[in-house]
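Q: First, the structure itself, so that you have it in front of you.
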Amino acid sequence: MAVQYRASKYLEGIGDTGIGTDNHFGEVNLQEVQRVCNTMVSDICRVYGCDDPEKLFPETLIKNNVVKAQMAEWLFTAIDLLNHCCLPLMSSARKTIENLQEEKICDQGTVIELQKKLISKKDEELGLVSQTVQKELKTYSSALQQSCSTALSPKNIASAVKTITKEEDRTKEVVVFGVEEETDECVTTKVSSILEQLDEKPRITGCRRIGQCATGESKKRPIIFSVKSTDIVYQILRKSKRLKDIEGYKTVYISPNRTQEERISRQKLVNELKAKRLSDPSGRYFIRKGEIVKADN
């Protein structure tokens, strides 16, 4: 059976340009085009007795009881949508993509130029630091030679270098507490499993238990391991708080490799924090940058 129609039936609400009076295709325009398509396809399916638009093939559309005027209106509507909506939108999208590509190329050029300036600036700063260090070393060496001929002996220099190197290595080390200790265990595998919970997969070196071997069921010596840089250490420490909410890792605690003095200072802060929380249960206290801070309500 034929449906009732008139020339402007489907295209009501769509402007002459098809993409809005401001020549832009927005959400409202998209909804109008979708309405036209849905209405027309629904009418076609109803006329041809088809329940699925995917089944509308050329041989299906050859039906004698469909009047030419009806077919003409559908064809006119499809052509209008193509000319005034689809093609202008594709053209606009192409121009937008080209503009974005040009902007990207320009931005990449700017980034490269800034990187060059940054590298140049760093080289300049390193040069200044090198000059200052050389000057200070000469001054220091001269002063020591006058006061003590043995002050800059190879032994003392080696000791100073060893101390500096040890301190630098410490900043790339992480300590893990609360990990069960087992016979013939692979501590590197255990550490990797913990770090995977934090979405971190760094290259681990020097992974080992520290402290005296304990006996009994509750032995949990700390594990110390090294990574490539202090930035990786920072990332691990920043995410380590997540472990308290992960089943199987709630008792695991991660900290930097502190010196003896730092451990004493940290323990003192922790004790003060516990005292604050006991004396003021309604307050929220935490440690930030070596100080106890109360959160704002």
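The values are calculated or read from the model by the stated rules, or taken from the named source; none is laboratory data. Worth saying up front: this structure is predicted, and the values here are computed from it rather than measured. Note: ideal-geometry Cβ built from the backbone for every residue, glycine included; neighbour counts use all protein chains shown. Side chains included, ligands, DNA and RNA excluded: accessible areas come from the protein's heavy atoms. Shrake-Rupley method; radii C 1.70, N 1.55, O 1.52, S 1.80 Å.
Q: Under 16 Å Cα to Cα from LYS228, which aspartates and glutamates show up? Leave out anything in the same chain fewer than 8 places away.
A: Straight-line reach from LYS228, under 16 Å: GLU167, GLU168, ASP169, GLU173, GLU200.
Q: Keeping all protein chains in position, work out how much accessible area THR205 exposes to a 1.4 Å probe, and write it in Å² to the nearest 10.
A: Only protein atoms counted, so the area is about 50 Å².
Q: Students sometimes get this wrong: rank MET40, MET90, MET71 by accessible area, probe 1.4 Å, all chains present, largest first.
A: Numbers: MET40 20, MET90 125, MET71 70 Å².
Order by accessible area, largest first: MET90, MET71, MET40.
Q: For the pair MET90 and SER193, what calculated FRET efficiency results from E = 1/(1 + (r/R0)^6), where r is the Cβ-Cβ distance and R0 = 41 Å, to the nearest 0.05?
A: Numbers: r = 51 Å, r/R0 = 1.25.
The formula returns an efficiency of 0.20 here.
Q: Output the pairs from LYS138/LYS289; LYS121/LYS241; LYS241/LYS274; LYS9/LYS55; LYS268/LYS294; LYS201/LYS276 with a Cα-Cα distance over 28 Å in this structure; if there are none, say none. Numbers along the way, then the final one.
A: Numbers: LYS138/LYS289 36 Å; LYS121/LYS241 37 Å; LYS241/LYS274 18 Å; LYS9/LYS55 25 Å; LYS268/LYS294 17 Å; LYS201/LYS276 37 Å.
The pairs that break the limit, which is 28 Å between Cα atoms, are LYS138/LYS289; LYS121/LYS241; LYS201/LYS276.
Q: If the chain between THR139 and CYS186 were fully stretched, how many nm would it gain, using 0.36 nm times the residue separation less the Cα-Cα distance?
A: Working: separation 47, 0.36 × 47 = 16.92 nm, distance 5.11 nm.
Result: 11.8 nm gained on full extension.
Q: Rounded, prolate or oblate, given the Cα gyration tensor of segment 233-297, with a/c below 1.5 counting as rounded? Kindly include the intermediate steps, with their values, before the conclusion.
A: Working: a/c = 1.85, a/b = 1.20, b/c = 1.54.
Taking the square roots of the gyration eigenvalues as a ≥ b ≥ c, segment 233-297 is oblate.
Q: Keeping all protein chains in position, work out how much accessible area SER192 exposes to a 1.4 Å probe, and write it in Å² to the nearest 10.
A: It works out to around 40 Å².
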